[in-house]
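Encoded as structure tokens, here's the structure I'll be asking about.
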Amino acid sequence: MKRKFEADNDAAVVAAAANMTLDDEVTFQSLGLDARLLQGIAKLGFANPTLVQAKAIPLALEGKDILARAKTGSGKTAAYLLPLLQSVLKAKEASPNENATRAFILVPTKELAEQVQKMCEKLAAFCGKAVRVVNGAQNVSEQVQRSMLSENPDIIVATPAKALLHITLGGQALVEKVVHLVIDEADLVLSYGYEDDLQAIAKALPKGLQTFLMSATLTQEVETLKKLFCRNPVILRLQEGEDEDESGGVSQYVVKCAEDEKFLLMYVIFKLKLIKGKCIVFVGEIDRCYRLKLFLEQFGIRSCILNSELPVNSRLHIVEEFNKGVYDIIIATDEHEVVGDEEDEDIPKRALAMDNNDGGEPSKKNKKKKKARLDKEYGVSRGIDFQNVACVLNFDLPATSKSYTHRIGRTARAGKSGMAMSFVIPEALHGKHKPTCIPSTKNDEKVMARITAHQTKKGKVIKPYVFDMEQVESFRYRMEDALRSVTRTAIREARTREIRQEILASEKLKRHFEENPEDLKHLRHDGELRAAKIQPHLRHVPEYLMPKDGSAAITKGPEIGGAALRKSGENRIRKARERNKRVRKQTGKGRDPLKMFKGKTKK
Ligand SMILES: Nc1ncnc2c1ncn2[C@@H]1O[C@H](COP(=O)(O)OP(=O)(O)OP(=O)(O)O)[C@@H](O)[C@H]1O
């Protein structure tokens, strides 16, 4: 049984309280950080520390162990990286010629390792060669691993499994000077199956390290890690919403609909551009990614897919490009989250093996085959810093309220606003349109009730979102037409083709892109899979289908995701791009002159 972690009963110093707020006068300068780090912070555009940074950094600089619980997107990464970097710089000043690894940062996924390493490099951008941080989570040969470790990088970011490999290879020489250990997403690392690795790491690292445990939720797992690694830590329990300004936070909505209406709404929402800005759509199974992508493709709507089957380089590139604004829609699974971690046994284990089955029970053989293909160190709903996401759309509900919290935490980050919309199939409507329905949705109402209770406890409200279904219904015929084309064979083909393409791009072209990084810009992940029958007429919305009062009349709720964009520069960039496109269309300017050129022959 899971138990909520009660810091108050703990012997440790409880530094946080419900009324902990951010003092106006706390600035990065007042935290006493090195001038080079302040330059890095300024370059990142961080004006002031977030609450978790303002509270954790001074304590960390005093050498205290920290156990911090702060909401998703609240800036926990810099809260531990800055004190770590400060410590490395100090050590380098004391012994400029000594190369020694001083910190290990453990994260649950490869995606997160890459992100943390990049953030570290950005914060240390003005430190010259004084700081060397490596991403030790990559799959590399022993030879590469040896060369990576040969100069004892100051900071190693890795998953626990990879960190242990490094420690085993590097031996005492690698760990003897380690003084800091960070476990990011601490509530998650154990559920990723890293327990044995963590036990071994605890034995191998020197005693008396300064430890940081960072998490969005305090659970029994965090308590276990605390016992394993911490010495009387300061516990920071930063309450939800304390560091939000009034406009910040996620507005949460629920839409009750049948399985086929999910597709209908997706068509209408994306085709009529009802979402202003970028959107992450979470689905329950890998096959669902392809079903939805192929379905949207029928209407000329482009999207990218993210799941653990894709090679890690493709996954990282997709997130990077999405953050730059290259793509608007990501359809993702969060497979590690799908194995329910709540007490209720009724919660369907949205097991990976159900995949590809369209509802049937998986055969044992199938189960084995599927699991072998998936990357254990994959994860997108935890920790990944998707930027300026206007809306998180739960096409299929997650299995637990904890997963829900992390999914919706991909929007409204860094004090911005965002929207989360969840589709829920009421029991009465379940069973309708069985061919596409996934078994886990049977329990949607139960799961949603648990999610609502969890959010209510945190003072959050989930409101119903209303669409004008009469207007939406006029699109049904086209939806059904498109859905019919997305057969199981088409899905299977698309899935195989996508993986093949991505592996090709990821592995064979890796060296090419290392040598020609500019070419990466042209590698797109939202291409058409074309596995389903293409029906050109579906790409256009005929005038007679459009609501008389414009597309916005379809929603009776607030603008979807609009608030998130109002604050981001991306909105301006997007508008400028659209404007330029219109101008180019009207004037013909900007077209490829080579393609436009019509040679005249002399008479
Ligand atoms: N002081 C700051 N001012 C403005 N933006 C910041 C600041 N600190 C961090 N950010 C930005 O906030 C976003 C979220 O930060 P970060 O990823 O560290 O959050 P997190 O708390 O670790 O989230 P999660 O729980 O999802 O892992 C990032 O885009 C980061 O660049």
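The values are calculated or read from the model by the stated rules, or taken from the named source; none is laboratory data. These figures come from a predicted structure and were not determined experimentally. Glycine also receives a Cβ, built like all others from the backbone with ideal geometry; neighbour counts cover every protein chain displayed.
Just one of the numbered conditions (1) in contact (Cβ under 8 Å) with a residue 60 or more places away in the chain; (2) of a type in the set (Lys, Arg); (3) more than 21 Å from VAL222 (Cα to Cα) is not true of LYS64; which one?
If we test LYS64 against (1) in contact (Cβ under 8 Å) with a residue 60 or more places away in the chain; (2) of a type in the set (Lys, Arg); (3) more than 21 Å from VAL222 (Cα to Cα), just (3) comes out false.
Another question about this same structure. Of the residues that make up segment 165-179, is at least one over 22 Å from GLU142 (Cβ atoms) and either within 16 Å of the ligand (Cβ to nearest atom) or not aliphatic (A, V, I, L, M) (or both)?
So far as segment 165-179 goes, yes, one or more of its residues are over 22 Å from GLU142 (Cβ atoms) and either within 16 Å of the ligand (Cβ to nearest atom) or not aliphatic (A, V, I, L, M) (or both).
Of all residues in segment 37-82, which are of a type in the set (D, E, K, R) and near the ligand (Cβ under 9 Å from one of its atoms)?
LYS71, LYS76
What number of residues within segment 181-207 are assigned to a strand (DSSP E or B) and either within 16 Å of the ligand (Cβ to nearest atom) or surrounded by fewer than 21 Cβ atoms within 10 Å (Cβ to Cβ) (or both)?
2
Which residues, counting only those in segment 44-76, are surrounded by fewer than 24 Cβ atoms within 10 Å (Cβ to Cβ) and within 16 Å of VAL107 (Cα to Cα)?
Across segment 44-76, the qualifying residues are THR72, GLY75.
When you go through VAL134, VAL144, VAL140, VAL157 one by one, which is the residue that is assigned by TED's automatic domain parsing to the domain that holds PHE212, without any contact (Cβ under 8 Å) to a residue 24 or more places away in the chain and either within 16 Å of the ligand (Cβ to nearest atom) or surrounded by 19 or more Cβ atoms within 10 Å (Cβ to Cβ) (or both)?
VAL134
Report yes if some residue within segment 98-113 is among the acidic types (Asp, Glu) and within 16 Å of the ligand (Cβ to nearest atom); otherwise report no.
First pass over segment 98-113, keeping only residues among the acidic types (Asp, Glu): 98, 111.
Imposing the further condition that a residue be within 16 Å of the ligand (Cβ to nearest atom) reduces the set to 111.
Yes, some residue in segment 98-113 is among the acidic types (Asp, Glu) and within 16 Å of the ligand (Cβ to nearest atom).
Can you pull out the helices (runs of 4 or more DSSP H) entirely within segment 268-366 that have at least 2 residues that are in the same structural domain as ARG488 (by TED's automatic domain parsing) and modelled with pLDDT of 90 or more?
286-297
So which pairs qualify, if the first residue must be in segment 409-424 and within 21 Å of ASP444 (Cα to Cα), the second must be near the ligand (Cβ under 10 Å from one of its atoms), the Cβ gap must be under 8 Å, and the two must be at least 6 apart or on different chains?
So the pair list comes out as GLY409/LYS71; GLY409/THR72; GLY409/GLY73; GLY409/ALA216; GLY409/SER381.
Could you list, in sequence order, the residues of segment 125-164 that are closer than 18 Å to ASP197 by Cβ, assigned to a loop (DSSP other than H, G, I, E, B) and at pLDDT below 85?
GLN138, ASN139, VAL140
Then there is this: Yes or no: ASP245 at pLDDT below 90, out of contact with any Lys or Arg (no Cβ under 9 Å at 6 or more places or on another chain) and within 16 Å of the ligand (Cβ to nearest atom)?
On the way: at pLDDT below 90: yes; out of contact with any Lys or Arg (no Cβ under 9 Å at 6 or more places or on another chain): yes; within 16 Å of the ligand (Cβ to nearest atom): yes.
Considered against the rule, which asks whether it is at pLDDT below 90, out of contact with any Lys or Arg (no Cβ under 9 Å at 6 or more places or on another chain) and within 16 Å of the ligand (Cβ to nearest atom), ASP245 comes out as yes.
Suppose the filter is on the phi < 0 side of the Ramachandran plot, near the ligand (Cβ under 10 Å from one of its atoms) and of a type outside the set (Phe, Trp, Tyr); does LEU89 pass it?
Values: on the phi < 0 side of the Ramachandran plot: yes; near the ligand (Cβ under 10 Å from one of its atoms): no; of a type outside the set (Phe, Trp, Tyr): yes.
So LEU89 does not fit the description; no.
Looking at TYR267, TYR290, which one is surrounded by 23 or more Cβ atoms within 10 Å (Cβ to Cβ), among the aromatic types (Phe, Trp, Tyr) and more than 23 Å from the chain's Cα centre (by Cα)? Can you show your working first?
Values: TYR290 fails: more than 23 Å from the chain's Cα centre (by Cα).
Step by step, each of TYR267, TYR290 is checked, and only TYR267 is surrounded by 23 or more Cβ atoms within 10 Å (Cβ to Cβ), among the aromatic types (Phe, Trp, Tyr) and more than 23 Å from the chain's Cα centre (by Cα).
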